[in-house]
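Student: Dropping a structure here in structure tokens format, bear with me for questions.
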Amino acid sequence: MDKLIAQLQRLYLPDTPAAALTTMLRGESEASVDLVGPGGLVGALVIELDSGFWTQAAQLYEGVQTELDLPAPAVSVSGGKAYGLWFSFATAVPLARAAAFAEGLRQHYLAEVPTTRVTLHPQAPLKLVPAHQGDGRWSAYIDASLGSMFVDEPWLEMAPSPHKQAELLAGQASIKPDVLERALGILQPAATSAPAYAPTGETDGVHQEPVGFLLAIMNDAAVDTGLRIEAAKALLPYFRKALD
């Protein structure tokens, strides 16, 4: 268990105490985590797709490595109906920048997937992996080469070995700042060519469209000025498109 916790903290949850992770992994508390750390900085992002879209998830998995030269993301099955692709930042980035990166990946690789079938984190709440999801179903990290085997049942029927889960994560690397900047430069054309659309508001406090999420940050006087500036930068492509 300790090795798994160390890997989760190294890659995705550096600000979550080991004691809290232990109780969640043991099922002693709700397994919800927050990817946003102190100062609104984000050390990781997760893209979830409904299980029927494994082909597109695999394309994203391969594309970020071959086109963007990014480390391979970890792949998880949710214990529900989704696959997750987990990206780690070597240096935490502002929330708005992480959101822009996630949206760029979605537009570049998942444009054919309905937005209702894709969830971007940290824009939405996230469940810890691995964890018991009820009804005898467990979420877990998996070998990406086995992803197609989970299309109909994206879960495990028994608790995954913490040791094996730690081994899977031990091979994962974080995205270095210069690699992230280069990737954002490649993804930018996809963002500028995307159709402009108006924000659709919130549902239970969670924005269903990234533009609405970024607009809320930009216009919230309670948010740190630096984060509001980053949100405005991320929104520029949409406003430029709308004015063309």
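Student: Starting from residues that are assigned to a loop (DSSP other than H, G, I, E, B) and of a type in the set (D, E), keep the ones in the range 2-40 and report whichever is nearest to A166 (Cα to Cα).
Tutor: D15
Student: Would you point out the residue of the range 124-166, among those that are among the polar types (S, T, N, Q) and out of contact with any Phe, Trp or Tyr (no Cβ under 8 Å at 6 or more places or on another chain), that is most open to solvent (accessible area, probe 1.4 Å)?
Tutor: So, considering only residues that are among the polar types (S, T, N, Q) and out of contact with any Phe, Trp or Tyr (no Cβ under 8 Å at 6 or more places or on another chain), the one most open to solvent (accessible area, probe 1.4 Å) is S145.
Student: Here's a check for you: in the range 100-152, which residue that is of a type in the set (K, R) and assigned to a helix (DSSP H, G or I) is nearest to Y61 (Cα to Cα)? Steps first, answer last, please.
Tutor: Residues of the range 100-152 that are of a type in the set (K, R), as a first pass: 106, 117, 127, 137.
Then drop every residue that is not assigned to a helix (DSSP H, G or I), which leaves 106, 117.
Numbers: R106: 12, R117: 17 Å.
Looking at residues that are of a type in the set (K, R) and assigned to a helix (DSSP H, G or I), I get R106.
Student: Can I ask one more? Which members of the range 90-116 meet the condition of being under 14 Å from the mean Cα position of the chain (by Cα) and open to solvent by 40 Å² or more (accessible area, probe 1.4 Å)?
Tutor: Within the range 90-116, A92, R97 meet the criteria.
Student: Suppose the filter is in contact (Cβ under 8 Å) with a residue 12 or more places away in the chain and in a helix (DSSP H, G or I); does G63 pass it?
Tutor: It is true that G63 is in contact (Cβ under 8 Å) with a residue 12 or more places away in the chain and in a helix (DSSP H, G or I).
Student: Here is a follow-up. Do any residues in the range 172-185 that are outside any loop (DSSP other than H, G, I, E, B) have Cβ atoms under 8 Å from those of residues that are small (G, A, S) and open to solvent by 30 Å² or more (accessible area, probe 1.4 Å), where the two are at least six apart or on different chains, and which pairs are they?
Tutor: Matching pairs, first to second residue: I175/A90; P177/A90; L184/A100.
Student: For the range 18-37, give me the residue count where each residue is out of contact with any helix residue (DSSP H, G or I) (no Cβ under 9 Å at 6 or more places or on another chain), modelled with pLDDT of 90 or more and under 25 Å from L95 (Cα atoms).
Tutor: Adding up the residues that qualify gives 2.
Student: Which pairs have Cβ atoms under 6 Å, sit 6 or more apart or on different chains, and link a residue in the range 6-30 that is open to solvent by less than 20 Å² (accessible area, probe 1.4 Å) to one that is at pLDDT 95 or above and in a loop (DSSP other than H, G, I, E, B)?
Tutor: L11/Q172
The values are calculated or read from the model by the stated rules, or taken from the named source; none is laboratory data. Nothing here was measured: the structure is a model prediction, and the numbers come from that model. Reconstructed Cβ throughout: ideal geometry from the backbone, glycine too, with neighbour counts over all protein chains shown. Remember, those area values only see protein heavy atoms, side chains included, never the ligands or the DNA or RNA. Shrake-Rupley method; radii C 1.70, N 1.55, O 1.52, S 1.80 Å.
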